[in-house]
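The values are calculated or read from the model by the stated rules, or taken from the named source; none is laboratory data. This one's a predicted model, so the numbers in the text were calculated from it and none came from an experiment. Here the Cβ positions follow ideal geometry from the backbone for every residue, glycine too, while neighbour counts run over all protein chains shown. What goes into the accessible areas is simple: the full protein's heavy atoms, side chains included, and nothing from ligands, DNA or RNA. Shrake-Rupley method; radii C 1.70, N 1.55, O 1.52, S 1.80 Å.
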Amino acid sequence: KQWSTTTLSNGYINVSFSPDCSYAPGVRQWKGGIYSDAYYYNNNTSTSFNITIYGRLVNNITSPNASTGTEFLRRDANWTGTNVTISGNVTDECGNKITDANVTFTLTSQRTGENFTCPLVGFASPDGSGNYTCEFDTYGKPARGYNITMDSNKTFYLNGSIRKDYPSERPVPA
């Protein structure tokens, strides 16, 4: 891309660069020089410089939702021992699906404060279209009232994090 600018009295130029969605995250090279000036020969006179562009990850927890998977998270211990599917998707700030992020879900019991990572080891399973899934084994875990936090990371992106609360349908004992 080319910018038009005027040389400052000290011989330097200033160019402000604010990358938009037409620039992909990563390391990019740039150089400065003269182009299309009647008095000077077109020439890139600087050496190459690197600039690193960062994107931002945006997470969205899609399941459990109001109609599926919330029995254990909201109700009593009768649901202990069943698996709850935890799902979410990751996009960037431009709405592009991110298919190769590292994603984990953390479930925090509102009753005990205990944290449970899903999956126990590694990262949630990607489906190749920006969706990530994990099966949370409820066996031996406290029921009723959870907060789910979805964290994502990827090189050249600012980490994404979102929390969704699933309050107990009955008051949580103190």
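Structural remarks
- Leading residue by the ranking (nearest to P64 (Cα to Cα)) among those in segment 115-164 that are in contact with a strand residue (DSSP E or B) (Cβ under 6 Å, 6 or more places away or on another chain) and without any contact (Cβ under 8 Å) to a residue 24 or more places away in the chain: R163
- Within segment 65-110, if we keep just the residues that are in contact with a helix residue (DSSP H, G or I) (Cβ under 6 Å, 6 or more places away or on another chain) and open to solvent by less than 10 Å² (accessible area, probe 1.4 Å), the residue that is modelled with the highest pLDDT turns out to be V84.
- Residue selected from segment 85-110 under the condition of a type in the set (S, T, Y) and assigned to a strand (DSSP E or B), by the criterion nearest to the chain's Cα centre (by Cα): T91
- Segment 111-145 - residue that is part of a loop (DSSP other than H, G, I, E, B) and of a type in the set (V, I, T) and, of those, nearest to S161 (Cα to Cα): V121
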